[in-house]
Amino acid sequence: MKNEQLRRLLEAAAQRSIAYLEELNERSVAPSPEAISQLEAFDVPFPEQPGDPETVLRELDEFGSPATIAISGSRFFGFVIGGSLPAALASSWLAGAWDQNSALHNVTPVTATLEQVALLWLLDIFGLPPTCAGSFVTGATVANFTALAAARNAVLAKAGWNVEADGMFGAPPITVVIGEEAHPTLLKSLGMLGLGRNRVVRVPVDDQGRMRADALPPLSQPCIVCTQVGNVNTGAIDPVAEICDYANRADAWVHVDGAFGLWAKAVPSLSHLVEGVEKADSWATDAHKWLNVPYDSGLAFVRDADALRAAMAITAEYLPTESDRRNPSDFTPELSRRGRGIEVWAALRSLGRSGLSNLVERTCRHARQFAEGLSEAGYEVLNEVVLNQVLVSFGDPETTRRVIAAVQEDGTCWCGGTEWQGRTAMRISVSSWATTERDVKRSLEAILLCAEKYR
Ligand SMILES: *Cc1c(COP(=O)(O)O)cnc(C)c1O
């Protein structure tokens with residue numbers, strides 16, 4: 001392909017992306033049934049002949065764009081899903097052009113350097129020691145997996161067992177303690193590590209889903225306690241400091257699944273909610289949720305850098321390297337991977353401390369605005385709105401489910417459903433940088449109109 005053709009193609013991609021984003025907030029958040037049925041256009045046999053790249057792009061845009069759900073718009077409130085900050089999206093385009101395999105410092109120094117810088121910024125934001133090791137992975141599921149692999153290494157090493165070399169068969173059994181409300185992906189991580197989804201000790205939770213520190217079992221080594229900062233339904237935060245004080249007496253490893261809640265640490269007015277999380281041994285969080293970088297992007301931090309390195313480096317055990325440079329692949333499950341730290345760096349660089357704090361605080365304020373509007377209209381908000389999550393019931397389970405379906409069909413905004421401690425609820429999660437007070441007002445009006453129909 002000649003330079004001229006490449007330029008035309010990439011300019012077409014930029015123009016189509018810009019047009020997509022400019023129209024996004026004018027259309028229904030959920031794709032229409034017609035747009036979804038148009039996806040059949042992709043269902044063709046593998047082409048025998050090469051296709052023109054501009055045609056490939058056109059097909060994607062014509063049939064793909066209308067069938068997207070407007071996650072990067074300003075009124076998507078499903079799951080816990082952020083959009084993409086402008087600086088993060090733009091740098092993602094450039095990073096795509098760079099196409100850096102980000103395993104080794106001496107091969108891809110720019111991505112390794114950006115990750116190193118972003119890592120130190122992140123440790124500063126979360127109030128963690130700058131000596132912690134960190135990994136840039138795909139999401140909180142893999143961040144939990146990565147951090148817990150370090151935990152598994154460390155607690156078994158203390159018991160005289162080298163788990164990387166000798167595996168789990170015959171290893172001293174590890175007691176794994178979790179809260180009743182642990183995220184299902186945490187259990188998946190435990191399963192992948194051979195620690196078992198079911199052979200865990202479950203600690204009861206309170207009415208917000210917080211692990212009850214007073215209900216912790218007696219602990220003895222080797223032991224890993226998994227706490228949660230930000231319940232996916234309520235936003236509630238485990239009493240991590242108290243749990244750490246208790247677990248430290250038994251020399252247990254404490255892990256924090258802080259997929260979104262950990263970001264409360266970036267806000268002076270919220271940081272009291274997560275006071276003491278720095279006492280733990282490892283932490284997992286997402287960047288593609290509250291930091292608003294493109295998928296996929298998760299982060300793991302581990303106090304004992306050698307434990308993470310022993311679990312993840314290809315040499316299996318810690319080997320001093322010739323240089324003191326950080327090789328990203330010594331800390332991640334992957335060897336080859338995209339330089340996702342670029343977007344994390346760009347997001348942090350563009351927000352700065354005040355911008356990050358403002359983003360997190362603003363979305364929490366929007367959540368409270370939703371909760372107040374719904375309560376005032378006579379609907380029951382089921383949770384204490386401590387962060388960006390709101391759970392609302394519109395009456396009996398069937399009515400609530402009908403309202404959720406109506407909200408999704410209406411298309412002004414998008415909210416999902418859940419079951420919370422025996423109640424059926426609609427979840428509103430405000431995680432996007434793009435949401436404004438006007439968006440909240442408009443969405444609230446649409447939700448109340450849908451709810452009125454079934455009152
Ligand atoms: C979202 C979430 C996860 C899973 O994160 P992914 O990025 O989807 O892998 C894990 N734990 C908690 C508490 C979450 O909110």
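The values are calculated or read from the model by the stated rules, or taken from the named source; none is laboratory data. From a predicted model like this one, the values you see are computed outputs, not experimental measurements. Cβ atoms come from the backbone with ideal geometry, glycine included; neighbour counts cover every protein chain shown. To get the accessible areas, we keep the full protein, side chains included, count just its heavy atoms, and leave off ligands, DNA and RNA. Shrake-Rupley method; radii C 1.70, N 1.55, O 1.52, S 1.80 Å.
The relative contact order of the chain, computed from alpha carbon pairs under 8 Å that lie at least 6 residues apart in sequence, is 22 percent. With K and R counted +1 and D and E -1, the other residues having a Cβ less than 14 Å from that of Val381 yield a net charge of -2. Measuring nothing but protein heavy atoms, the accessible surface of the chain at 1.4 Å probe radius is 54 percent carbon and sulfur. Computed over the Cα atoms of segment 69-114, the ratio of the radius of gyration to the Kirkwood radius (Rg/Rh) comes to 1.15. Where in the chain are the DSSP H helices whose C-alpha atoms run 30 Å or more along the long axis and whose mean Kyte hydropathy is at least -0.5? TM-like helix candidates: 3-24, 341-376.
Computed across segment 322-455, the Kirkwood radius stands at 17.2 Å (inverse of mean 1/r, all Cα pairs). Cys244 contributes about 0 Å² of solvent-accessible surface, heavy atoms of the protein only, 1.4 Å probe.
Give me the percent of DSSP beta bridges within the chain that run antiparallel, rounded to the nearest 5. The antiparallel fraction comes to roughly 60 percent.
Sorted largest first, the spans of the alpha carbon positions of the chain along the three principal axes are 64, 61, 45 Å. Near the amide H of Arg27, within less than 5 Å, lie no amide hydrogens of residues on another chain or at least 5 residues away, with H placed in the peptide plane. Near the amide H of Arg337, within less than 5 Å, lie the amide hydrogens of Ser102, Ala103, all on another chain or at least 5 residues away, with H placed in the peptide plane. In terms of the mean number of neighbouring beta-carbon atoms within 10 Å, the peptides 444-450, 155-161, 279-285 order highest first as 279-285, 444-450, 155-161.
Our compactness index for segment 1-113, the C-alpha radius of gyration over the empirical 2.2 N^0.38 Å, is 1.30. Which translational diffusion coefficient, to the nearest whole µm²/s, is obtained for segment 132-205 from the Stokes-Einstein equation, given a Kirkwood hydrodynamic radius over C-alpha pairs, 37 °C and 0.692 mPa s? In µm²/s, the coefficient rounds to 251.
Each Lys and Arg Cβ is given +1 and each Asp and Glu Cβ -1; about its Cα centre, segment 301-400 then shows a dipole of about 640 debye.
In order along segment 61-67, the Karplus-derived 3J(HN,Hα) couplings, from 6.51 cos²θ - 1.76 cosθ + 1.60 at θ = phi - 60°, round to 6, 5, 9, x, 3, x, 8 Hz, and Gly and Pro are given as x. Taking every protein chain into account, the 1.4 Å probe leaves Glu180 with about 90 Å² of accessible area, to the nearest ten.
If you find the alpha carbon centre of segment 58-108 and of segment 160-225, how far apart are they in angstrom? Answer, in whole Å: 34. With a cut-off of 14 Å between beta carbons, the residues surrounding Ile178 carry a summed charge of +2, where Lys and Arg count +1 and Asp and Glu -1. For segment 126-173, the pair-distance distribution built from all alpha carbon pairs, in bins 10 Å wide starting at 0, is 23, 42, 29, 6 percent.
Charged neighbours of Leu122, selected by a Cβ distance under 15 Å, balance to +2 (K, R count +1; D, E count -1). Each listed q (0.09, 0.15, 0.17 Å⁻¹) maps to a log10 I(q)/I(0) for segment 87-239 from the Debye sum over equal C-alpha point scatterers, namely -0.39, -0.97, -1.13. Summed over the residues of the chain and divided among them, the accessible surface reaches 45 Å² per residue at a probe radius of 1.4 Å. With 30 Å as the limit, the listed pairs Lys2/Lys289; Lys289/Lys453; Lys188/Lys279; Lys265/Lys453; Lys158/Lys188; Lys188/Lys289 have Lys2/Lys289; Lys289/Lys453; Lys265/Lys453 beyond it between alpha carbons.
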